[in-house]
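The values are calculated or read from the model by the stated rules, or taken from the named source; none is laboratory data. Note that this is a predicted model, so its numbers are computed, not measured. Note that each Cβ is placed from the backbone with ideal geometry, even for glycine, and that neighbours are counted across all protein chains shown. Heavy atoms of the whole protein, side chains included, go into the accessibility calculation; ligands, DNA and RNA do not. Shrake-Rupley method; radii C 1.70, N 1.55, O 1.52, S 1.80 Å.
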Amino acid sequence: MRNKNMAAAAALAFAGTCGLPFMLHIEGDYLGYTNSAVSVFVFLFLFWLMKRILETGFYGNKKRWFLPGCFGLLFSLCMVFGAKLDVRGSVPFKEIRMWAAIAALAGIFTIVVRFFWDVLGAWGCRKPVEEERKRQEVSGKSLFIRAGIILLCYLPVFLAVYPGFFVYDAQDEYMQVVTRNFSTHHPLLHVLLLGGIIQLVYKLTGSYNLGIACYTFFQMTVMSFIFAWCVEKLKERGLGKAGRICLTLYFGLCPVLVMFSLCSAKDGLFTGMLLIMVLLLQDLCAEPEKFLPQIWKARKGQAEEKLNSGGWPGCGSGFLLAAASLLMMLLRHNGVYAFFVFAVILIFCLRRYFLQAVVYFGIIAILYAAVNSALTFGFGADDSENQEMLTVPISQMARVYADGKDGLAAEDKEVLYRYLSEEALERYTPKVSDGVKIHFNNEAFRTDKASFLKLWFKWGMEHPFTYLNAWFMTSYGFWYPDTVIDVYRGNSVFTYTYEDSSYFGYEVEEPGRRESKIPWLDELYRKMSLEIFQQKLPVVSMLFSPGFLFWVMAFGMGFLCYQGKGRKALPFLLPLLVWLTVILGPTYLVRYVVFLWAMAPLLVWEIQENYVKFDN
């Protein structure tokens, strides 16, 4: 048996050593790796690791390989595809060596993931059952003090980047309020909140900067209280003093969370609402009766249904969850799709409370429809745009056109030109579809949807790999950890031209202007936003990577499901569904997935609380 393990470990190690360069950002024929002593060290490390894992062995039936296998395969696919997209701008689907590398890497990652999941599960088994952390009630005083600490952490950055990060369509949203010419391109609730505060302060003081600063401070305060409430909720669940201190500092100092807490974009507030929802959904999944009183059908001989005792003990939490859900959907359109899919799945999982769950989530859906319609009709907003939901088809057809317009049939191009002009199609860039989709002819689409969809389907059948590459190029930064986000390279905005990095918008759009009170700190955030700065630091760079954060979440959720704790992972399905909507968006930017940085500590705590013995 030992000889078999050694032979298997050697074979796996060699396969992994050969496959490794395919998942790294290496150009050319990989000779710098294959003809290097580094490959020997890689082989020896993989051999030692595989040998140790195989000698340890695995318990359970073959079904326990399913989830680790899915994770290993998907991770390998994403790493190899991402590296190819980063270097070549496309995935060579017909390259046999690439698929062989994916198979080798998938096998190794499957074994490694299952091994570590088993180790984490074993730690949980050794954790004393009688151990019970001291749980404390949420204190209003403690909440205010903690929120104040987080707000104080934000203040130096606020002064450094005064009046705040007024960016990502901020001017457009503000001008809608000034001109009273509204559209549903941006969520109206955020447009009215942002534009209303700035315009009110401007009318009172004559200063645009002060108006922007007031909105920024308002959002900072809201986010501080949401993050503080999150820490207090975990304190209620048993988070110790050291853990609370670390988490408070994390929320107050994490550069990504700070950036979007001080940014005028809707993404910060959206993250806050999503965080509240996940925390309350954890309570709902753990004790559904506190949100949804149990009703069970009368058995034979009973004339009526019975209602369990307890009434609606969690009505306060229920109202808060409903309010957070409503605001989340009103702050980002893609939140609506994620919410409805999640509600259906949750109702199915809470079958014992089917009626109550349907009523509860149905009321939230009706409230959203009513409020959204009231805002749209009340402010006469233009809701005729379709290009947002057609982002992927537009970019796919634009790529087919860019790759070989001379070979396309004249009648096909004639149909395409009805919706996208030749000038618009010439503006196609692989990593962002905004330059093309902004010129989409919505009127033509409303008049004749069938011709557009028919052409899209026809070209998809003729150019399937081109379609996949077009979609991957606008989304791979969300699932490939190693890329540098530079999607706006060469684009000029108000105060600079994007070059090596588009990590964060950073600037102050007109009518505001930057008035830094702490120039060195302002320069630090400029470097993190617009230069290859933190990306040069090993390990640290991954803490800024949306792709890495996604795989951390996937690893944690997979582990909970692997341990048969699907109910524990269920609340995190909501942010995962939101993530699935953003990979269908126009490009990959941190702003679209900033919620991952807020969710990761919750998932780590969920695993630590149940499986890892750690004295916090």
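Please compute the net charge surrounding residue 195, taking Lys and Arg as +1 and Asp and Glu as -1 over other residues with Cβ under 15 Å from its Cβ.
Overall, the nearby charge balance is -2.
How about region 487-592: which trypsin sites (Lys or Arg not before Pro) there lie in a loop by DSSP and see at most 13 other Cβ atoms within 10 Å? Numbers along the way, then the final one.
Values: sites: 489, 513, 514, 517, 526, 527, 536, 565, 567, 568, 591; in loops: 489, 513, 514, 517, 565.
Hits after loop and neighbour filter: 517.
For the chain, what ratio Rg/Rh do Cα atoms give with a Kirkwood hydrodynamic radius? Mind dumping the intermediate values first?
Values: Rg = 26.1 Å, Rh = 26.8 Å.
Here the Rg-to-Rh quotient is 0.98.
How much solvent-accessible surface does residue 25 expose, in Å² to the nearest 10, with a 1.4 Å probe and all protein chains in place?
Roll a 1.4 Å probe over it and residue 25 shows about 100 Å².
Mind jotting down a quarter of the surface of the convex hull over the alpha carbons of region 424-466, in square nanometres, one decimal?
It is 3.5 nm².
With all distinct Cα pairs included, what does the Kirkwood hydrodynamic radius of region 148-254 come out to in Å, to one decimal, could you say?
The answer is 15.4 Å.
Send over a whole-number figure in Å² for the accessible area per residue of region 1-52, probe 1.4 Å.
I get 64 Å² per residue for this part.
Please provide three numbers in whole Å: the alpha-carbon extents of region 43-108 along the principal axes, with the largest listed first.
42, 30, 18 Å, listed from the longest principal axis down.
Can you give me the distance in nm between label points at residue 41 and residue 422, each placed 7 Å from the Cα along the Cα-to-Cβ direction?
Each label point lies 7 Å from its Cα, and together they span 5.7 nm.
Over the chain, with every protein chain in place, what whole percent of the accessible area is carbon and sulfur at 1.4 Å, could you tell me?
Using a 1.4 Å probe with all protein chains present, the chain comes out at 65 percent carbon and sulfur.
For the chain, what does the relative contact order come out to in percent, with C-alpha contacts under 8 Å and a separation of six or more?
On the way: 841 pairs, mean separation 111.4, N = 616.
That works out to 18 percent.
Using only alpha carbons, build the gyration tensor for region 318-459 and give me the equivalent ellipsoid semi-axes, biggest first, whole Å.
39, 17, 13
Would you mind estimating how fast region 484-616 diffuses translationally, via Stokes-Einstein at 37 °C and 0.692 mPa s with the Kirkwood radius over Cα pairs, in µm²/s?
191
With a 1.4 Å probe and every protein chain left in place, work out the accessible area per residue of region 152-255 in Å², rounded to a whole number.
Per residue, region 152-255 has 36 Å² of solvent-accessible surface.
Tell me, what is the per residue accessible area of region 74-116 in Å², probe radius 1.4 Å?
38
Calculate, in nm to one decimal, what residue 389 and residue 178 gain on full extension: separation in residues at 0.36 nm each, minus their alpha carbon distance.
Gain on stretching residue 389 to residue 178: 73.2 nm.
To the nearest 0.05, what FRET efficiency results for residue 370 and residue 207 with a Förster distance of 41 Å applied to their C-beta separation? Before the final figure, lay out the partial values.
Numbers: r = 37 Å, r/R0 = 0.90.
Result of the calculation: an efficiency of 0.65.
Which semi-axes, in whole Å and largest first, does the equivalent ellipsoid of region 347-426 have when worked out from the alpha carbon gyration tensor as the square roots of 5 times its eigenvalues? Don't jump to the answer; show the numbers that get you there.
Numbers: eigenvalues 372, 81, 13 Å².
Over the Cα atoms of region 347-426, the ellipsoid semi-axes are 43, 20, 8 Å.
Return the whole-Å distance between the Cα centroid of region 544-590 and the Cα centroid of region 453-471.
First find each Cα centre; the distance between them is then 27 Å.
Within the chain, which is the longest segment that contains none of the chymotrypsin sites (Phe, Trp or Tyr not before Pro) sitting in a DSSP loop with at most 15 other Cβ atoms within 10 Å?
That would be 94-493.
Accessible area of residue 461, 1.4 Å probe, to the nearest 10 Å²?
130
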